[in-house]
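What follows is a single structure, written as structure tokens, with notes after it.
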Amino acid sequence: MRNAKSTEEVALGIRRRVFEHTIRNNGGYLSQACSAAEQLAWLYNEELRLGEPTLPPIPKPFGGVPSASNPDYHTGAGYNGPARPELDRLFIAPAHYALVAYATLIEVGRMAPEGLEMFNKDGSSVEMIGAEHSPGMEVHNGTLGIGLSTGAGLAFGRRLRGDTGRTWVFMSDGEVEEGQTWEAVQAARFHGIDSLHAIMDVNEQQCDGAMSSVMEVGDIRAKFTEFGAVCVEIDGHDLDAMRQAAEEPHEGRPLIILARTSPFHSMNILEERFPRLHYVRFKSGEERARFNVSIAADLGIDPVNYAQ
């Protein structure tokens, strides 16, 4: 499935949708759209080999947890297409990027725009913190640091089964504070799992503020290399750099792309909130209106009409 839009257009569309949603709902994950739009646009619009969606464009309500009495249970991975041996699989490790991921699905034609109207509503599968039943999600990665382990395990299992498709993981840099991430890299290297690919949004931000104020992590690239990965560091807003990084030889090793980004790229007024950018909720009507006008100008659209 290929989208008629350019990847640049998809990235801009992601930011516009997240911005409009945030203004209308008086809060949202703006900085994640600033930092990650190019990465998710590139994955879905260019890099991933995915089939046609197997789930309806408008997401179904939450259908309950897996059980013998719930035969119709399904994960949200159907929006990425069928799990065929030759196709790629994607895990979105930081579940709080769900709003940005949903906007991406809409921009590439895998989910209807109406799906975003269900965001964080009671009974909806379009969760605020993406769960295994949420569009585009296959497992619940809300626990910090388990995403790369999940991807490594699946990639190993797929190799044993003879699958030729790759396993991709979209990550955030906060995950390097968890030991499980490093164990996953070490295990992937030991078992020669080179079908494992990851791109990490290195925006140096966390829920509690700047990464450096939570835990000093040092030279991430050097660590990944020491633990056995081939690691490439790029400008995460440069699509050509992503394309080149994905071609890096890595036989017998996982490939990890460190995409260094800005959490207020293309929404300059967000720098006022630095380093508290994890979730932006407006402190007053005046601030909401001011951010609306400023960001709309940055994104080349009209301010959002959010009058109730």
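Numerical summary
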read-out: From the options A37, A11, residue that is part of a helix (DSSP H, G or I), in contact with a Lys or Arg (Cβ under 9 Å, 6 or more places away or on another chain), of a type in the set (G, A, S) and crowded, with 22+ Cβ neighbours inside 10 Å; value: A37
read-out: The lone exception for E175 - which of (1) modelled with pLDDT of 95 or more; (2) crowded, with 19+ Cβ neighbours inside 10 Å; (3) touching a Ser or Thr at 6+ places or on another chain (Cβ under 8 Å) it fails; value: (1)
read-out: Flag for G109 being in contact with a strand residue (DSSP E or B) (Cβ under 9 Å, 6 or more places away or on another chain), assigned to a loop (DSSP other than H, G, I, E, B) and either surrounded by fewer than 20 Cβ atoms within 10 Å (Cβ to Cβ) or in contact (Cβ under 8 Å) with a residue 24 or more places away in the chain (or both); value: no
read-out: Some residue of region 166-175 being closer than 20 Å to I129 by Cα, in contact (Cβ under 8 Å) with a residue 40 or more places away in the chain and part of a loop (DSSP other than H, G, I, E, B); value: no
read-out: Qualifying position, being closer than 15 Å to A33 by Cβ and exposed (fewer than 15 other Cβ atoms within 10 Å of the Cβ), among I301, I269, I295; value: I301
read-out: Checking V65 against (1) assigned to a loop (DSSP other than H, G, I, E, B); (2) among the hydrophobic types (A, V, I, L, M, F, W, C); (3) in contact (Cβ under 8 Å) with a residue 24 or more places away in the chain, the condition it does not meet; value: (3)
read-out: Any hit, region 78-91, residues being assigned to a loop (DSSP other than H, G, I, E, B), more than 30 Å from Q180 (Cα to Cα) and not charged (D, E, K, R); value: no
read-out: Filter result (within 21 Å of A36 (Cβ to Cβ) and either out of contact with any Lys or Arg (no Cβ under 8 Å at 6 or more places or on another chain) or without any contact (Cβ under 8 Å) to a residue 60 or more places away in the chain (or both)) within region 114-132; value: G115, F119, N120, V126, E127, M128, I129, G130, A131, E132
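The values are calculated or read from the model by the stated rules, or taken from the named source; none is laboratory data. The structure presented is a predicted model; accordingly, all values stated were derived computationally and were not measured. No Cβ is skipped: glycine too gets one built from the backbone with ideal geometry, and neighbour counts run over all protein chains shown.
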